[in-house]
1. Mind checking which residues of segment 253-298 are assigned to a loop (DSSP other than H, G, I, E, B) and over 22 Å from the mean Cα position of the chain (by Cα)?
2. Out of curiosity, is residue 184 at pLDDT below 95 and under 19 Å from the mean Cα position of the chain (by Cα)?
3. Tell me the strands (runs of 3 or more DSSP E) entirely within segment 151-249 that contain at least 3 residues that are in contact with a strand residue (DSSP E or B) (Cβ under 8 Å, 6 or more places away or on another chain) and surrounded by fewer than 19 Cβ atoms within 10 Å (Cβ to Cβ).
4. Which condition number does residue 131 fail, the rest of (1) in contact (Cβ under 8 Å) with a residue 40 or more places away in the chain; (2) part of a helix (DSSP H, G or I) being met?
5. Considering only residues that are in contact with a helix residue (DSSP H, G or I) (Cβ under 9 Å, 6 or more places away or on another chain) and modelled with pLDDT under 95, look in segment 27-57 and name the one that is surrounded by the fewest Cβ atoms within 10 Å (Cβ to Cβ).
6. Report the residue count in segment 84-105 for those that are closer than 19 Å to residue 178 by Cα and either part of a loop (DSSP other than H, G, I, E, B) or touching a strand residue (DSSP E or B) at 6+ places or on another chain (Cβ under 9 Å) (or both).
7. In segment 129-149, is there at least one residue being touching a helix residue (DSSP H, G or I) at 6+ places or on another chain (Cβ under 6 Å), within 29 Å of residue 272 (Cβ to Cβ), at pLDDT below 90 and surrounded by 19 or more Cβ atoms within 10 Å (Cβ to Cβ)?
8. Do the conditions hold for residue 216, that is, is it touching a residue at least 60 places away in the same chain (Cβ under 8 Å), within 30 Å of residue 178 (Cα to Cα) and under 15 Å from the mean Cα position of the chain (by Cα)?
């Protein structure tokens, strides 16, 4: 495939990868464009083949917040509040489109803050759960939906852009849906983060083959710019131990010699004490802009 950022057909093999998260069979080829540095999957599985890599227990399809146990609900509520603040600190309540809305928790939280939201979701089960929460969800692909140009004050893509077959075209569609001066919020794994550099093929941010594109700050900012979206801020507000724990589990599975040791490592990584101990470390990383995910806020020109 030619590069989806600069269009050059000049990519070199960067790394082979496989589905470490769910263990589906197959090896997949990640390449890096020699011209602009974008890392992407080439060739790619068909849409029908790719559906097998999104089982019902995929993390984005987790139960709605209201169905979680109290402590887990509190933890997830903090993360939702941080996401909401990215917009509420910058705009008064308005019209919001959330692309890849999952079971709708973000739109529910934004509605509580006065926003009128619409979700887009491909997975039928997740869309049904979102509707049960009172969320207006449009099923299907963002590029195919009959949405009115300039209809939204903000469009959010939380951990979505890396999954899309053509992220530049998707961002151009986002620009068209925003009113002049509206905001696009894009959150993706960051390849040039300390985690991305340190853990290599075991880094959870690669998530082959579900992630078609793996962005650095420079390649994402350039892609937003080519779509007519001017970058205003780059933040890391996640501090996600869960993603780092997945990476460490992948490392344990690859390096530890016995199933017993691997199970013990998974138990330690999943313990609440480990999450609490890691919390200050992730706050420092986020404050210094070194987090493994980046949230980019860009304004429609």
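The values are calculated or read from the model by the stated rules, or taken from the named source; none is laboratory data. Everything numeric in this text was worked out from a predicted model, so none of it was measured. Please note: Cβ atoms are built from the backbone with ideal geometry, for glycine as well, and neighbour counts cover all protein chains shown.
1. Selection gives 256, 257, 258, 271.
2. No, not satisfied.
3. Correct list: 178-189, 229-235.
4. (1)
5. Only one residue fits best here, namely 56.
6. Going through segment 84-105 one residue at a time, the tally reaches 15.
7. No, segment 129-149 contains no residue that is touching a helix residue (DSSP H, G or I) at 6+ places or on another chain (Cβ under 6 Å), within 29 Å of residue 272 (Cβ to Cβ), at pLDDT below 90 and surrounded by 19 or more Cβ atoms within 10 Å (Cβ to Cβ).
8. So residue 216 fits the description; yes.
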